[in-house]
Amino acid sequence: MADFNDVYKRYFRDVYHYAFSLCKNESLAEEITQETFFKVLKKIDTFEGKCSIGTWMLQIAKNNFYNHCKKKKYENV
C-alpha cells in the first residue's frame, strides 16, 4: 500500500471536488474531505484492492456526505 502522504497528495483534489459536487458548499466540502482522509488513514490497512483506491475514497466521501445529511435532518426535527 502506498504511503498515506502520497495518497493524500494524489487524491485530495479529486475528493474535494467530488464532495463539492455533492453539497455545493465550500466549507462543507472541506469538512467532508477532512473526514474522508481521517477515515482513510484509520482504515487504509483494510483496503482490499477490489477497486481503485480513488474509487474507494470517493465512496467514503459519498457516505460521509449522506451521513451529514441524515444528521442535519434529525437536528431539524
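FYI, it's all coordinate maths here, none of it is from the lab. These numbers come from a predicted model, not from an experiment. All Cβ positions, even for glycine, are placed from backbone atoms using ideal geometry, and neighbour counts span all protein chains on display.
A Förster radius of 35 Å, combined with the Cβ-Cβ distance separating Asn5 from Glu31, puts the computed FRET efficiency at roughly 0.95. Its Cα centre serving as origin, the chain has a Cβ charge dipole (Lys and Arg +1, Asp and Glu -1) of approximately 300 debye. Looking at this model, which pairs from Lys50/Lys71; Lys9/Lys73; Lys50/Lys73; Lys24/Lys71 are more than 28 angstrom apart at the alpha-carbon? Among Lys50/Lys71; Lys9/Lys73; Lys50/Lys73; Lys24/Lys71, the Cα-Cα distance tops 28 Å for Lys50/Lys71; Lys9/Lys73; Lys50/Lys73. Helix 53-75 axis versus longest C-alpha principal axis of the chain: approximately 20°, rounded to the nearest ten.
Taking 0.36 nm per residue of separation and subtracting the current Cα-Cα distance, fully stretching the chain between Ile53 and Asn67 would add 2.9 nm. The listed peptides 26-33, 3-10, ordered by packing as a protection proxy, come out as 26-33, 3-10 (highest mean of other Cβ atoms within 10 Å first).
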